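One structure below.
The values are calculated or read from the model by the stated rules, or taken from the named source; none is laboratory data. As the structure is a prediction and not an experimental result, all values here were calculated from the model. As a convention, Cβ positions derive from the backbone with ideal geometry for all residues, glycine included, and neighbour counts pool all protein chains shown.
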Amino acid sequence: MNITGRLTRDAQVHTTPKDKQVVNFSVAVNDRYRNKQGERIEQTTFFDCSYWISPKVAAILTKGTLVELMGRVSARAWTGSDGEGI
């Protein structure tokens, strides 16, 4: 999947228990279209991303930076603080 969007925060480097480093960041993708009634709709989708190749990339992944990404997408169920699935 390819996505183009802006970073919502500065990237962070984390070290796993097996001593591998991963760069985590979030991207917001804005989509604008008109519905059947002709109303303009704006929708933002957020992607939490991980980059495993080199932690050095974190230096240029700063909030607001426009990025184009290519990779695999996976989805997981999320449980809110009230214990309910969202």
Leading residue by the ranking (nearest to ALA75 (Cα to Cα)) among those in segment 1-55 that are touching a helix residue (DSSP H, G or I) at 6+ places or on another chain (Cβ under 7 Å) and aliphatic (A, V, I, L, M) = VAL23
Which numbered condition GLY83 fails, given (1) at positive phi; (2) touching a residue at least 24 places away in the same chain (Cβ under 8 Å) | (2)
Considering only segment 28-86, state which residues are in contact with a Phe, Trp or Tyr (Cβ under 9 Å, 6 or more places away or on another chain) and acidic (Asp, Glu).
-> GLU42, ASP48
Mind checking which pairs have a first residue in segment 23-34 that is under 10 Å from ALA11 (Cβ atoms) and in contact (Cβ under 8 Å) with a residue 12 or more places away in the chain and a second that is part of a strand (DSSP E or B) and among the aliphatic types (A, V, I, L, M), Cβ under 6 Å, 6 or more apart or different chains?
-> VAL23/VAL13; PHE25/LEU7
Please state which of the following conditions MET70 fails to meet, knowing it meets all the rest: (1) in contact with a strand residue (DSSP E or B) (Cβ under 7 Å, 6 or more places away or on another chain); (2) surrounded by fewer than 10 Cβ atoms within 10 Å (Cβ to Cβ); (3) free of Cβ contacts under 8 Å to residues at least 12 places away in the same chain.
-> (3)
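Table: residues versus (1) among the hydroxyl-bearing types (Ser, Thr, Tyr); (2) under 18 Å from VAL67 (Cα atoms); (3) modelled with pLDDT of 95 or more; (4) not in a loop (DSSP other than H, G, I, E, B).
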residue: THR4; (1), (2), (3), (4): yes, yes, yes, yes
residue: ASP10; (1), (2), (3), (4): no, yes, yes, no
residue: VAL13; (1), (2), (3), (4): no, yes, yes, yes
residue: ASP19; (1), (2), (3), (4): no, no, yes, no
residue: PHE25; (1), (2), (3), (4): no, yes, yes, yes
residue: VAL29; (1), (2), (3), (4): no, yes, yes, yes
residue: THR44; (1), (2), (3), (4): yes, yes, yes, yes
residue: PHE47; (1), (2), (3), (4): no, yes, no, yes
